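S.K.: This structure is in structure tokens; I'll ask about it shortly.
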Amino acid sequence: MKKIRSLAIAGLFTMSATLCGATTLTENFTNNPLLDGWQVFGDTNLFQWDSTNQNLDVTWDSSQTNSYFYKPLGRTFTKADSFCVVFDLNLADARATGYFQLA
């Protein structure tokens, strides 16, 4: 079982989409992202907004089913669309048995 106990997604989260102009979504987590349209799919207990450090604490456990923290973009992307996702990731407490790749 591979576990990363706490991932802190800090800094900027940026997503750009190019189709009839560019759209940029920037989140710095200074405010609770759940109050700004972000949503959770799956286990809500895996995601906690840290108001003191102004980041999102995420617990990832590969033995659990997939859960997502996301913001709906209001459109569907296809293979013809191009986009870019950029974010800062800080591993606060990582544990792995055997080989583990983070990519």
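S.K.: Once a ≥ b ≥ c are taken as the square roots of the eigenvalues of the Cα gyration tensor of the stretch 60-103, is the result rounded (a/c under 1.5), prolate (a/b larger than b/c) or oblate (a/b not larger than b/c)?
M.R.: prolate
S.K.: Report ³J(HN,Hα) in whole Hz for each residue of the stretch 49-63, in order, from the Karplus equation J = 6.51 cos²θ - 1.76 cosθ + 1.60 where θ = phi - 60°; Gly and Pro get x.
M.R.: For the stretch 49-63, the Karplus-derived couplings read 7, 9, 5, 5, 8, 6, 8, 10, 8, 10, 9, 10, 9, 5, 7 Hz, x marking Gly and Pro.
S.K.: With all protein chains present, how much of the accessible area of the stretch 51-91 (probe radius 1.4 Å) comes from carbon and sulfur, to the nearest whole percent?
M.R.: Percent of accessible area from carbon and sulfur atoms in the stretch 51-91: 50.
S.K.: Let me ask you something else. Going by amide H atoms built from the backbone, whose H comes under 5 Å of the H on Thr23, apart from near neighbours?
M.R.: Those qualifying (amide H under 5 Å, at least 5 residues apart or on another chain) are Ala17.
S.K.: On to the next question. Between rounded, prolate and oblate, where does the stretch 27-103 land on the alpha carbon gyration tensor, with a ≥ b ≥ c its root eigenvalues, rounded for a/c under 1.5, else prolate if a/b exceeds b/c?
M.R.: Taking the square roots of the gyration eigenvalues as a ≥ b ≥ c, the stretch 27-103 is oblate.
The values are calculated or read from the model by the stated rules, or taken from the named source; none is laboratory data. Owing to the predicted nature of the structure, the values given are computational and were not obtained by experimental measurement. Ligands, DNA and RNA are excluded from the accessible area calculation, which covers all protein heavy atoms including side chains. Shrake-Rupley method; radii C 1.70, N 1.55, O 1.52, S 1.80 Å.
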